[in-house]
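Report on one structure; see the data block that follows.
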Amino acid sequence: MSDTPTDQDDTILPRLTAPVQPETVAGADPALRDAVRRSLVPRWVAAYRTQSFTALAGLGLVGFGGTAALVTGGRTAELDLATTQTIQSVGLPFFGPLMLGVSLPGFFPQVAVLIAVVAVLLRLAGYRTEMWFMLAASASVALTEVFKWLVGRPRPDAALVTVIQGATGNSFPSGHTLFYVTFFGFLAYLAYAQLKPGRLRTAILWISGLLILFVGPSRIWMGQHWASDVLASYALGLSYLVILVWLYARRRLGAGGALEARQR
């Protein structure tokens, strides 16, 4: 038997390796439709997952609302100041460059380039649905501006803490932190769900996770945010990310569910 691929193999290979878009499932071949049908999770699993997502999203919103209430009531001032002083007192030689490097991708114009590059790469790879969801993840910056305007909290004062790099606008919540949780969080989810185990997936998961972990301390160390700004953004980002993942899962599996119902 010859090892040379046939013309038929050439036509099948792209269809098997390219991402399956929900809008194209209905017109796919029977083998692909069967694969989609088998991938559907049992109803009790779907119900449990929905309840878990709802609980996480609700927990994040409660955390954000509670922190916002404490901030507007002036009840976080002492803890905020103590946290900033503690983080800024770290004397490790690599700590300062690490904090600066972590925050760097979140500043303009780097953040715009980052969003554009990820969107283009996803589109070129055939992940159209994922591209739009990544853009939705980056849209969390709009929430930041809304709450900054509503709360109107000033930035940390240079008379109280060391301001490594000044910033304009209000302080609550932290836009960097909210963006990192939603953007890099969803990027990590896509890598875990769509990529096979390997160096690329491992790298994306580690880099995304470390950026999310260290962006909060970075914003405090630079003197641009208080700890309560950061904590509120982590909570709000969790809710945003969970809702986005839930919508994405419904979008990806929705076409398969509709197809199964039509086949009954």
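We did not get these values from a lab; they are worked out from the coordinates using the rules stated. Model, not experiment: these values are computed from the prediction. Note that we place each Cβ from the backbone using ideal geometry, even for glycine, and neighbour counts take in every protein chain shown.
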> Using θ = phi - 60° and the Karplus form 6.51 cos²θ - 1.76 cosθ + 1.60, what ³J(HN,Hα) does each residue of the stretch 231-240 get, whole Hz, x for Gly and Pro?
Replying inline: 4, 4, 5, 4, 5, 5, x, 4, 4, 4
> Residue-wise, which Karplus ³J(HN,Hα) couplings in Hz belong to the stretch 195-205, taking 6.51 cos²θ - 1.76 cosθ + 1.60, θ = phi - 60°, and x for glycine or proline?
Replying inline: 9, 6, x, x, 5, 5, 5, 4, 5, 5, 5
>> Taking 8 Å as the Cα distance limit and 6 or more residues as the minimum spacing, I'd like the relative contact order of the stretch 107-264 as a percentage.
In response: 25
> Between the stretch 98-132 and the stretch 203-247, what is the C-alpha centre distance in whole Å?
Replying inline: 16
>> Could you give each residue of the stretch 107-119 its phi-based ³J(HN,Hα) in whole Hz, using Karplus coefficients 6.51, -1.76, 1.60 with θ = phi - 60°, and x for Gly or Pro?
In response: 8, 7, x, 4, 5, 5, 5, 4, 4, 5, 5, 5, 4
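Could you tally the net charge around V111, taking each other residue with its Cβ under 15 Å from the Cβ of V111, Lys/Arg +1 and Asp/Glu -1? Don't skip to the end; give the middle numbers.
Working: positive: R219; negative: E145.
Here the count lands on 0.
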>> So if I restrict to the alpha-carbon atoms in the stretch 52-126, what is the Rg, and what is Dmax, the biggest pairwise distance, in Å?
In response: 18.7, 51
> Where does the charge balance sit around G175 when Lys and Arg score +1, Asp and Glu -1, over other residues with C-beta under 14 Å from its C-beta?
Replying inline: +2
>> Which one, S171, S239, F186, projects farthest toward the positive side of the charge dipole computed for the stretch 129-264 from Cβ point charges (K/R +1, D/E -1)?
In response: F186
